[in-house]
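Okay, structure first, notes after.
The values are calculated or read from the model by the stated rules, or taken from the named source; none is laboratory data. Remember, predicted model here, so these are calculated numbers, not experimental data. All Cβ positions, glycine included, derive from the backbone under ideal geometry; neighbour counts span all protein chains shown.
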Amino acid sequence: EMVASVCFVPHCKTGYNSEITKNKKEGIPNPPLYQFPRDPEMFSKWARQIKGRDRKPTVTDRICARHFQSECISRYFETKLSNGTVDRIERLRPCLKRGAIPTIFPNSPNRLIFCKSDAPCS
């Protein structure tokens, strides 16, 4: 059984040693990996987005930041100060915002169409 510190998305190389080494050489940070949500409803929303895997995901599987819109990722701690200004501190590890769903699959064999709601696509 493979250790789940690699991205679950087919054809994505995030987390593989070759990719980590290549990124290090090029000075590119490795994208963070996010564990599948424990909430069953969110879990199945994530799982439905992934096509072309030979097995179903488990809660220990991960998806990397490359598959999330940048609006879904929180990179800063923000605190509103008493004078109305917002103090922003960069997070050491960017985290996903609540309700984030992976929607970016550049290497997907079929172009995926995303509906705004959970209604089936016509």
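Okay, residues lined up against (1) β-branched (Val, Ile, Thr); (2) under 17 Å from the mean Cα position of the chain (by Cα); (3) over 12 Å from residue 102 (Cβ atoms):
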residue	(1), (2), (3)
5	no, yes, yes
17	no, no, yes
23	no, no, yes
33	no, yes, no
44	no, yes, yes
53	no, yes, yes
63	yes, yes, no
78	no, no, yes
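With the requirement that a residue be in contact (Cβ under 8 Å) with a residue 12 or more places away in the chain, within 26 Å of residue 38 (Cα to Cα), assigned to a strand (DSSP E or B) and not hydroxyl-bearing (Ser, Thr, Tyr), what does region 52-89 give you?
Answer for region 52-89, where residues must be in contact (Cβ under 8 Å) with a residue 12 or more places away in the chain, within 26 Å of residue 38 (Cα to Cα), assigned to a strand (DSSP E or B) and not hydroxyl-bearing (Ser, Thr, Tyr): 62, 63, 64, 73, 75, 77.
Is there a residue being surrounded by 10 or more Cβ atoms within 10 Å (Cβ to Cβ) and at pLDDT 90 or above anywhere in region 106-114?
No: zero hits.
With respect to the numbered conditions (1) in a helix (DSSP H, G or I); (2) surrounded by 10 or more Cβ atoms within 10 Å (Cβ to Cβ); (3) at pLDDT below 95; (4) not polar (S, T, N, Q), which one is the sole condition not fulfilled by residue 43?
(3)
Report the residue count in region 49-64 for those that are surrounded by fewer than 16 Cβ atoms within 10 Å (Cβ to Cβ), under 13 Å from residue 105 (Cα atoms) and at pLDDT 90 or above.
Selection size over region 49-64: 0.
Just checking, which of 17, 23 is without any contact (Cβ under 8 Å) to a residue 12 or more places away in the chain and surrounded by 12 or more Cβ atoms within 10 Å (Cβ to Cβ)?
Exactly one residue qualifies, and that residue is 23.
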